[in-house]
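Below is one structure, written out as structure tokens; comments come after it.
The values are calculated or read from the model by the stated rules, or taken from the named source; none is laboratory data. All values derive from a computational prediction rather than experimental measurement. Here the Cβ positions follow ideal geometry from the backbone for every residue, glycine too, while neighbour counts run over all protein chains shown.
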Amino acid sequence: MTANTAIQEFDGSLTTVLTGATAVLATSNYAVNGTNATVTEVDFQGTGDKWPLARAIFTGQWATITSIVGKTLDLYYIPTDIDGTDTHDSEMPTTTVLNGGHYVGSFVVTTGVSATDMYLELQGGPFSLLGRKKGKFSLYNNTGQSVSTGWTVKIEGLSLIPSSS
């Protein structure tokens, strides 16, 4: 490899942004804090999280796996503190209405699905965090079946840096 060729540098730790520890995510529903999920705000301007890109991982399972192959769980980003104050956020989704969310990408359920934990990476690779300061995420269940309790979505920041050799 020649010097200054771009290489990936990963954060090294995954940040949990969504969890359904105590509730199922019903089909055709969005993940909503306090209803069917715990939503964690992420500060992308903090000292350790100034990454221009991120990858996302879904971990979870379905009690019923009938006809879910090829279906999706869709990830949305909701900006918060838009003008620098905690009171001006985009509107969070309700269970059935997206409101202020921006589509990030989809986790596609692959063949070989079973009733045990599935680990799915966001399709299309890393997504951009450029221009993002703070935000929350939501997940839309488009699989036709409820996601069982205990699911999570985690992100890991990454950057492109020049190689040394």
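Data for the structure
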{"quantity": "Filtered residues of region 22-58 (kept if among the hydrophobic types (A, V, I, L, M, F, W, C) and farther than 16 Å from ASN141 by Cβ)", "calculated": "VAL42, PHE44, TRP51, LEU53, ALA54, ILE57"}
{"quantity": "Long-range neighbours under 6 Å by Cβ, at least six apart or interchain, first residue of a type in the set (Val, Ile, Thr) within region 138-152, second surrounded by fewer than 18 Cβ atoms within 10 Å (Cβ to Cβ) and part of a strand (DSSP E or B)", "calculated": "THR152/THR16; THR152/THR59"}
{"quantity": "For GLY125: the one exception among (1) exposed (fewer than 14 other Cβ atoms within 10 Å of the Cβ); (2) more than 16 Å from the chain's Cα centre (by Cα); (3) touching a residue at least 40 places away in the same chain (Cβ under 8 Å)", "calculated": "(2)"}
{"quantity": "Residue check, GLY48 within 15 Å of GLU156 (Cα to Cα), loosely packed, with under 15 Cβ neighbours inside 10 Å and modelled with pLDDT under 90", "calculated": "yes"}
{"quantity": "Residues of region 100-115 satisfying the condition of being of a type outside the set (A, V, I, L, M) and within 20 Å of the chain's Cα centre (by Cα)", "calculated": "GLY100, GLY101, HIS102, TYR103, GLY105, SER106, PHE107, THR110"}
